[in-house]
1. Are there any pairs, at least 6 apart or on different chains, whose C-beta atoms fall under 8 Å, with the first in segment A:20-37 and within 8 Å of chain D (Cβ to nearest Cβ) and the second polar (S, T, N, Q) and not in a strand (DSSP E or B), and if so, which?
2. Can you find a residue in segment A:309-316 that is within 12 Å of another protein chain (Cβ to nearest Cβ), surrounded by 23 or more Cβ atoms within 10 Å (Cβ to Cβ), free of Cβ contacts under 8 Å to residues at least 40 places away in the same chain and in a helix (DSSP H, G or I)?
3. Of all residues in segment B:27-62, how many are within 14 Å of another protein chain (Cβ to nearest Cβ) and in a helix (DSSP H, G or I)?
4. Consider residue A:147 against the criteria (1) within 14 Å of chain B (Cβ to nearest Cβ); (2) among the hydrophobic types (A, V, I, L, M, F, W, C); (3) within 30 Å of residue C:34 (Cβ to Cβ); (4) surrounded by 22 or more Cβ atoms within 10 Å (Cβ to Cβ): it satisfies all of them except one. Which criterion is unmet?
5. Any residue that is within 18 Å of the chain's Cα centre (by Cα) and polar (S, T, N, Q) - is there at least one of those in segment B:249-260?
6. Please go through (1) more than 14 Å from chain B (Cβ to nearest Cβ); (2) among the hydroxyl-bearing types (Ser, Thr, Tyr); (3) exposed (fewer than 13 other Cβ atoms within 10 Å of the Cβ) for residue C:70 and return the number of the only condition it doesn't satisfy.
7. Any residue in segment C:34-63 that is on the phi > 0 side of the Ramachandran plot sitting within a Cβ distance under 9 Å of a residue that is crowded, with 18+ Cβ neighbours inside 10 Å? List the pairs, counting only those 6 or more apart or interchain.
8. List the strands (runs of 3 or more DSSP E) inside segment D:1-100, counting only whole elements, that have at least 2 residues being buried (at least 20 other Cβ atoms within 10 Å of the Cβ), touching a strand residue (DSSP E or B) at 6+ places or on another chain (Cβ under 7 Å) and at pLDDT 80 or above.
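The values are calculated or read from the model by the stated rules, or taken from the named source; none is laboratory data. Values in this document were obtained by computation on a predicted structure and should not be read as measured data. Cβ placement follows ideal geometry from the backbone for every residue including glycine, while neighbour counts extend to all protein chains displayed.
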Amino acid sequence: MLPEPIHLKLELEDETVVGVTPIIGYIYRGIEKAGELNPFRNNVFLVERICGICSFTHALCYCEAVEKLMQVEVPPRARFIRLCWSELSRIHSHLLWLGLFADAMGFESLFMQCWRAREIILDISEMTAGHRIIQSTSIIGGIRRDIDKEMAKEVEHKLSDFKELMDNTVSPTVYNDPTIKRRTVGKGMLSKEQANLLGAVGPILRGSGVPLDIRQTGYAAYKETGFEPIVESDGDCYARTIVRLREIYQSRELILKALSLMPEGDISVTVRGNPPEGEMIHRAEQPRGEVVYYIKGNGTRNLDRLRVRTPTFANIPPLLTMLPGCELADVPVITLSIDPCIACTER
Amino acid sequence: MSTGWLVGSVVIAVIVAPLIGGLLRGIDRKLTAHMQGRIGPPIIQNFYDLIKLFGKKPMVAGKPQLVFAWGYLFLIITAVVFFALRQDLLVVLFILGFAGVCLVLGALSVKSPYSQLGGHRELLQMLAYEPILLLAVIPIALKTGGFPITNIFEYGQPLLPNLWLTFIALVIVLDIVMKKSPFDISSSEHAHQEIVRGVLTEYSGPYLAIIELAHWYELVLLLAILGLFWIVGSLWWLSILTPLAIWFILLITDNICTRLTWSWMVKFAWGVGISLIALNILVVNLGWM
Amino acid sequence: MPWMLPTIWKNLFSRPVTRRYPFKDIREPFSGYRGKLHFDMEKCNLCSACAQLCPSNAIVVDKEAKTLKYNPFACIYCATCVEACPRKAITMDTHYSPPATVKSEETCRP
Amino acid sequence: MSLEKEVVVDKAELIPEVQNLLAQKARYCSSTCLDLGDKFEIIHHFQLEDSVDFTKHIKVRINKEDTLPSISNIYLAATLCENEMQDHFDIKIIGLAIDFKKRFLRAKESPEFMLTKEKKEEVSP
């Protein structure tokens, strides 16, 4: 029913949903425990594998948390390039989601066009980082690969191709198509108060009119590039779609801005020693919403505790309030509108 | 017509119809793939699929399923035979209706929730298109003076210029029967959507093949009914081209819209379909066309 | 509905953008792609720096038997070993490691 | 280094403190549970409205056999985190809004006490 291993136990009256219980636990991997047993440097590669889509943001968030704990100053160029990669991962995640969302509504051709546009972004990732999704480019103390001038030009070129493809195919359809609107407008309503109270994050929260985006805190280089969250106030599936679509364009702008503002210099610093005793919280904005890393060091090369609160984890309670009262045919659409990632949720 | 000729046409219909149907499904997949920017499967992929499915181990969730699968195929072949024999159009459509009931009963005979829901939706779907299909016969009968298909052949001039409103209503029916967006509600094209594959969820191996084969017959039959509108006169070749053109337009529609809900479908089919036909009957009776 | 029409119409009459991946028109990987690992055993002195740093323990160095075992199915292609090698004995080419039906290990000897 | 703006409360003060936060329209973020050896430390992370910085961490320490009052009746969002804690650390949490009975993440045959520390010497680096 869904491309995710979640079991939603629905209670139906004819085709109307009256109750819902989520059952997860099919792909629990114990990554938090593994994070305590691994040396803290290798954890970067571990946390990247929490999710196959927002992988880079996980690595970024973990690295920044450890850097904050160890009081390491990362070179500015590294921060800018981290921003680029994290925005690239946002674009491809949103496009993947948009494709699946269209597919859930039975709109296969839009699905294919979204993934076609996504391919350009993945090519950029492969070109700049060496791998398409799980890039393994962020390390504690900086990054491992530089984006030089020629490559930056090539990235800009590909991004303009990307924008053209989006402008011609995906955007007009999503903005105007009456059948898409019929399936999404007014479905899965979540008011501003509910969204706040239930701890919704990411595009769900912003689709309900709350201007909250962790990028506002200015981690990586968001302080230098400037950032305004994208907000839609309707709180339905369509609003969430539009938030994500606008974020794709915004991310493209952010990458271009970061590439032009990027200072010269080193891309990493050598970090010696182990994380000191102490605890640290760090948050980053993933494509799906805020991710919270809690780490506790104890002076050895292993961490005392690594806790990850992923965005889907926070978005399941809002989903539970959105579903009752809808038609069965809308369940896939509403469930997908939170962009569920169960692999993230269970870790 | 001689008996030999009749037997010949029946044999040709029974053998050629699935070949055309399978080929059309293959071209459908290829064209859809191209519209989406993909390469797509070979045109005869559906025949490969069918042969492979027939070669699988037969498994059923219950005896009734087996009966209904075969029943579905035989009733549709019967409808095709009746059509080839130029029998009563009304009878052909009734047999087609019965075949649809078989599909629904087959889906409802197993306990899988997806199959059950698919069955319910298929019922609603029939509720949506059967009235149009049956009503569509009335203006044809009024025009040609009776229900037999022979009458259409003997009528002497093409029906479409007078009955294009009915024709449009039948196109809507064809779209529903082909299960293309926006009407693919009872069994989606892809197995990961909404209700898995709806009515087809619990079929596998040879029985799925039987149902697929029946779908090919059904597709060809409905296209042939659309072809009836041009059958006579010097423009007879339009009776082949028009259904194909309509079929192509439906493919495009499939690619430019989402699946909608059953409530919308019933409203749309009844609202638009029935009023088109009613208008047509009125116009024909008043002698404006 | 009509907003998708130009796209599919254009696609219908232009070449498909997909490729018959394992058989034909395979795109050249980018020059920076981290692909298959190669161990130059002429240069290697079994210092096992790579084995210690490997996040997925894909490299095992046995100093007694003078072998280096590499498991490409455990490898995550992060290139940590390439950077760690003091004698630059490990290189990566730009090709995807081919799929296989059996999981095998490579054993390298100097 | 410890967290900024952290509040250490007693078990009894937890619920009033959280209700106080609800009145301030704080947003629930996450909960973390730590095994301190002889005690469990539970941290609830909150964020005050109209602010993107973390503003409050509420820490509770309980003995290992002790029970913990659930805040999921105040913040429904906490129920998943609390179920997870129950799975990982075998803490008895009272008054869960949705109780998965320690079968939230774990299947029947999974090992128990996934994240509790075993008492053994840490391997020095």
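1. Going by the 8 Å Cβ cut-off, the qualifying pairs are A:24/A:345; A:28/D:110.
2. Looking for residues that are within 12 Å of another protein chain (Cβ to nearest Cβ), surrounded by 23 or more Cβ atoms within 10 Å (Cβ to Cβ), free of Cβ contacts under 8 Å to residues at least 40 places away in the same chain and in a helix (DSSP H, G or I), one finds at least one in segment A:309-316, hence yes.
3. The total comes to 9.
4. (1)
5. Yes; the residues of segment B:249-260 include at least one that is within 18 Å of the chain's Cα centre (by Cα) and polar (S, T, N, Q).
6. (3)
7. If the second residue must be crowded, with 18+ Cβ neighbours inside 10 Å, the pairs left are C:46/C:61; C:46/C:68; C:48/C:59; C:48/C:61; C:48/C:68; C:57/C:51.
8. Output list reads D:27-35, D:39-47, D:56-63.
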